1. Conditions first: (1) more than 20 Å from D211 (Cα to Cα); (2) outside the structural domain of F279 (by the TED database); (3) of a type outside the set (K, R); (4) crowded, with 17+ Cβ neighbours inside 10 Å. N153 passes all but one, so which condition is the exception?
2. Return the residues of the range 222-259 that are outside any loop (DSSP other than H, G, I, E, B) and either out of contact with any strand residue (DSSP E or B) (no Cβ under 8 Å at 6 or more places or on another chain) or open to solvent by 60 Å² or more (accessible area, probe 1.4 Å) (or both); say none if nothing qualifies.
3. Condition first: part of a strand (DSSP E or B) and farther than 18 Å from L224 by Cβ. Now tell me which residues in the range 156-210 satisfy that.
4. Restricting to the range 53-89, name every residue that is over 25 Å from V130 (Cα atoms) and either in contact with a Phe, Trp or Tyr (Cβ under 8 Å, 6 or more places away or on another chain) or at pLDDT 85 or above (or both).
5. For F189, indicate whether it is surrounded by 14 or more Cβ atoms within 10 Å (Cβ to Cβ) and under 21 Å from the mean Cα position of the chain (by Cα).
6. Pull out all pairs, ordered by first then second residue, where Cβ-Cβ is under 8 Å, the residues are six or more apart or on different chains, the first lies in the range 179-195 and is under 13 Å from R206 (Cβ atoms), and the second is of a type in the set (D, E) and open to solvent by 20 Å² or more (accessible area, probe 1.4 Å).
Amino acid sequence: MDNWDEIRTAYQVARRGTVSGAAEELGVHHATVIRHIDALEARLGVKLFQRHARGYTATEAGSDLLRVAQTTDEQFQQLAGRIKGRGSDVSGDLLVTSLINFASLMVPALVSFRQEHPEVRVRYLTDDRVFRLEYGEAHVALRAGSAPQEPDNVAQRFASEPVALFAAQSYIDRHGRPEGVEDLANHDFVGPENLDSRAPFWRWQRKHVPDDRVVFRAADPRVLEQALLLGDGLGFMRTRDAKRHENLVEIMPSQDDWTTPLWLVTHVDLHRTAKVQAFLKHLKAFAENGWTEQD
């Protein structure tokens, strides 16, 4: 195969499902997309797509080709990500990822980093999925849980934030305050939609609180925080975040087995670059100071 442009065009048509979508992604005219697809099908002697009123659907032959195209595209992304991070100055894009839970910790650190290095453009990506550092999807990842095991990544233990059990004063006014662990089963709770969540404090809650007492569930921690603040039930929150809300009352203080280990993860090829090292140094110092900039 001697024309990557045609293969890349076919890949984008499969991803977007329409000629117009692929043209927008590639920054070309829709006629160019059609010409590339026609030329590629003629060269291969097979139909790669079924055309229909709503767009294009890959045939079996098209799916085979597109798996190869996807791998090649990911490898180009990996290369581009590594090249972007190899500069000796602290500038350009900085891609950082974490769960949305840690946005209140990461955003102040990223903003203060940009104040020191205004030539940096931050891209902060929050998603439940694990971004693939080996494909250049991120330069630095903050991950929670057991130590990452990917062989090409560098993982460093990072500061952990204590978590405690809280209730809004409005909830206590209506239902009273639990008198101990044994009394928790008589109270309402907010909790995660994912009943198999591995967060240690959620595991502890499942052990001590019946499922039918978890009266408000949500996948997004920001939603659970709102339900907690509005007094719909007891819930867990990082103690630092709770200090911002005068109406919250600590029901049980932080316990060691509620704390989730945090890890800073970088790819070995980017770990020593000036930009990544500058941000890692800044973030660690920011954590050691207790994120006081936003207190």
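1. For N153, the exception is condition (2).
2. Across the range 222-259, the qualifying residues are R222, V223, E225, Q226, R240, D241, E250, D256, D257.
3. Within the range 156-210, Q156, R157, F158 meet the criteria.
4. Scanning the range 53-89 gives Y56, T57, A58, T59, E60, G62.
5. no
6. L195/D211
The values are calculated or read from the model by the stated rules, or taken from the named source; none is laboratory data. Everything quoted here is computed from the prediction, not taken from an experiment. Cβ: placed from backbone, ideal geometry, glycine included. Neighbour counts: every protein chain shown. Please note that ligands, DNA and RNA were not included when accessible areas were found on the heavy atoms of the full protein model with its side chains. Shrake-Rupley method; radii C 1.70, N 1.55, O 1.52, S 1.80 Å.
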